[in-house]
Structures are given as C-alpha cells and as structure tokens.
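Enquirer: A single structure is presented below for examination.
The values are calculated or read from the model by the stated rules, or taken from the named source; none is laboratory data. No experiment lies behind these values; they were computed from the predicted model shown. When we count neighbours, we look across all protein chains shown, and the Cβ atoms used for this are built from the backbone with ideal geometry, even at glycine.
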Amino acid sequence: MSSQREIAPLLRGGIYTLVQSATENKANNLQTALVNGTGTDVMNNESLLKRAKRKVITRKMILSLIDVAKKLEDYEFIKPYWNTYHCQNKVTVSKNKLYSNYCKNRFCTICCAIRKADTINRYYATLSQWQDVHFVTLTVKAVKVESLQKWIDGMFRAFKLIHNRQKKRHERGQGIKIIGIKSLECNFNPQTKTYNPHYHIIVPSKEIADLLVKEWLFQWKSPKKLFTSHKAQYVRPVENLERDLIEVIKYGSKIFTEPDLKKKSQKNTKQKATPQIYAHALHNIFKALKGKRIFERFGFDLPKQQKKENSTKLITDIQEFIFPKDATDWTDPNTGQNLTGYSQPYELQFLLNECINTEIC
C-alpha cells in the first residue's frame, strides 16, 4: 500500500471521475473516499501544470462573467458560472490515481481541454484514413449583439438544409455524399463591436469542401441583402491533422482577444497590442450558444467503443488537495505541500489583473 509521501503529484490526460465524499477509517487510521470511475494515472506533471494555469485563468474570467450576468440580470447563468468557478477546487490522490469533480461547462477551460483531448482520441483514427482531407471555414457577415442569436440560429438551420438537400440528391444518385466534422465558433471584434459566427469543418476531399462552399453561398443568396460572400469562405488542404482537429474542437470563442485587430508595422517591426478578455462579449457569445451543440459529425458514424466502467468504489490512503482563493496551485491543507509547483508568470498575472474588460459590447 502506497503512503501519502509516495504519491507523485503528476497527471496524464483528463479527469473523468467524481469524488463524492470522504470519511475516516478509525480502525486503520486511514482516510477514505467514495469515487466514481477508475481514476487517472498520475504520470505527467506537464499536464498538471497546464491544468493549474487553466484553473487560474478560469477563476478570474468567471468572476467577471458573474458581474456581467448580474448587471444584465441574466440570473440563469450565475449558478453555472459559480459551478465552473468551483470546478476542481478539490482533488484527491490515492495510489497514484487522481480523482476530482468537474463542471462540464463550455466556459470552463479545464473541462473544455479534457473534452478536446477525448474528442481527438475518438476521431483521429477515423479521420487519418481519409485520403484528401480539407479544412473549410464557412461564415456570414459580422453582426451586432442584438442580431447574434438570430444569426447563429440561422447558421444551424442553413447547414441542416444543405445536409438534408445533398443527402436526398445522393440517395437519388445525383450527387456526392457529404461527410465530415464541424464546430461553431464566434469571435468578437472590439473595434467595430461586432460578432463573427463561423463554422470550422474538416472533410475527406476537396470535392466535398468546394461543394459545401457552393451550397453555403446558395443558401444565403439574396437579391436585396448581402449575407455573406465567396471571399469570406476558406478552403485549404490539411497538412497536420492533429493541429487542425485542435482548431475545430475549440471552446466556442477565444478568451483573449487583441483590442486592435489591424496589423501595424513599421518597416520590419510589428507592434502588437496587449490582448484583453472582453467579459461582456464572452457572456453574449455564451448566451447565444446556450443549448446549442457546438461540435458534431455529419454523414458518418464512428466505430463502436466499449463504454468505460463508471462504478462507485471506496478508495483508501488518500491525500486531498484544495485550490485556495487567489492561489495558483492545489495545496494539502494539512502539510502545506503543493500539487504541481505551478507559479503564475508575471505576464499572465498582468493580463488577468489589468486586461479584463467589462464594458458593454
């Protein structure tokens, strides 16, 4: 049986387990806890360092989102925001396995990273067999916040119409079958105070990529209004599948945004503006995406996978770590031992303390 001193503060991959309760086994003088799942092997400290960084960023961002939700009286978001704030406040380690709770919210950078890694693992083998993989971006014109919800709803309807129309054509032998994976992302332009919802898509051939662009332009064609244009769409070959999978499987929006999106240059020197977190804009995006399935596949199925066991079990000889307020690492409250050794860099500290913008967007 491993002692607490023998537990290495390292982690690999994501946490998919929930610590339900902890009790003391007086007979053996051991701490015990009920957990779900098999736990995560404790092997890679680099992953834990990244997790600690995400925890720091998420906490700071969420407090600003809570302030925005209160100001706008969007009270239904306050509880989910607080759930994300407390996500993985406590982790439990036992016999080189790590367990924790997780909120699963899309505005939680920790849970999104876990979901991203899991999705890549599930899709990479299938997509790597495609012969002529292409990356596609489909977009519409930038809009003000008042129209954002309507346009996002319209994008979902437009893609569904395209998919159904092409499916019927293929069944009649009059067209190719379109298959691929897609995700919806929305960016904010702080200069124009506009939002740009767009799809990132990976498909197995250039023929499908070009067809999607053609059908997308046809779907938004109007003699009176300009909803989008051909030059706003983008198609390119996939040279690095893993990199482009990461590009597709995102959080729904960028957290840090440059306040000046125009590239400035003086001879060979580029001046880059300090990125900021536009909390009000982020809240508007999360609100518009509420209830939407951002990432999904279309036209194909994945091979069936065996479901992971998720039974409740009792673990012993545990060591618990908490993430105190304003901390940068999990700490054992009994011994003062830190879990990862993460120390927040000055640059990140400056960004989180000075570059969170809550103005109306």
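Okay, residues lined up against (1) exposed (fewer than 14 other Cβ atoms within 10 Å of the Cβ); (2) within 26 Å of ILE360 (Cβ to Cβ); (3) at pLDDT below 95:
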| site | (1), (2), (3) |
| --- | --- |
| GLU24 | yes, no, yes |
| ASN29 | yes, no, yes |
| THR40 | no, no, yes |
| MET61 | no, yes, yes |
| GLU76 | yes, yes, no |
| TRP82 | no, yes, no |
| PHE107 | no, yes, yes |
| ILE110 | no, no, yes |
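Enquirer: Still on this model: ASP210 passes all but one of (1) at pLDDT 95 or above; (2) under 30 Å from ALA279 (Cβ atoms); (3) of a type in the set (D, E, K, R); which number fails?
Expert: (2)
Enquirer: Moving on. Residues in the stretch 319-343 that are in contact (Cβ under 8 Å) with a residue 24 or more places away in the chain and in contact with a Leu (Cβ under 8 Å, 6 or more places away or on another chain): how many?
Expert: Residues meeting the conditions: 7.
Enquirer: Quick check on the stretch 95-105: of everything there that is polar (S, T, N, Q) and farther than 14 Å from TRP82 by Cβ, which residue is surrounded by the fewest Cβ atoms within 10 Å (Cβ to Cβ)?
Expert: Initially, the stretch 95-105 is screened for residues polar (S, T, N, Q), giving 96, 100-101, 105.
From what is left, the residues that are farther than 14 Å from TRP82 by Cβ are 96, 100.
On the way: ASN96: 15, SER100: 24.
Looking at residues that are polar (S, T, N, Q) and farther than 14 Å from TRP82 by Cβ, I get ASN96.
Enquirer: Now for a different question. Out of LEU289, LEU282, LEU302, report the one residue that is over 30 Å from LEU352 (Cβ atoms), at pLDDT 65 or above and among the hydrophobic types (A, V, I, L, M, F, W, C). Even if it seems obvious, please write down each step before you answer.
Expert: Details: LEU289 fails: over 30 Å from LEU352 (Cβ atoms); LEU282 fails: over 30 Å from LEU352 (Cβ atoms).
When all the criteria are applied, what remains is LEU302.
Enquirer: Same structure again: Would you say GLU320 is part of a strand (DSSP E or B), under 27 Å from ILE120 (Cβ atoms) and modelled with pLDDT of 90 or more?
Expert: Numbers: part of a strand (DSSP E or B): yes; under 27 Å from ILE120 (Cβ atoms): no; modelled with pLDDT of 90 or more: yes.
No; evaluated as a whole, the condition is false for this residue.
Enquirer: So, one more: For the stretch 67-76, does any single residue satisfy the condition of being aliphatic (A, V, I, L, M), within 14 Å of the chain's Cα centre (by Cα) and not in a strand (DSSP E or B)?
Expert: No - not one qualifying residue is present in the stretch 67-76.
Enquirer: Here is a follow-up. Just checking, how many residues over the stretch 164-197 are under 17 Å from VAL248 (Cβ atoms) and surrounded by fewer than 18 Cβ atoms within 10 Å (Cβ to Cβ)? Can you show your working first?
Expert: Of all residues in the stretch 164-197, those under 17 Å from VAL248 (Cβ atoms) come to 178-187, 196-197.
Next, only the ones that are surrounded by fewer than 18 Cβ atoms within 10 Å (Cβ to Cβ) stay: 179, 187.
Going through the stretch 164-197 one residue at a time, the tally reaches 2.
Enquirer: I'm told CYS103 meets every condition in (1) under 30 Å from THR257 (Cα atoms); (2) part of a helix (DSSP H, G or I) except one. Can you identify the failing condition by its number?
Expert: Among (1) under 30 Å from THR257 (Cα atoms); (2) part of a helix (DSSP H, G or I), the lone unmet condition for CYS103 is (2).
Enquirer: Residues being in a loop (DSSP other than H, G, I, E, B), in contact (Cβ under 8 Å) with a residue 12 or more places away in the chain and of a type outside the set (Lys, Arg): count how many of those fall in the stretch 289-305.
Expert: Here the count works out to 6.
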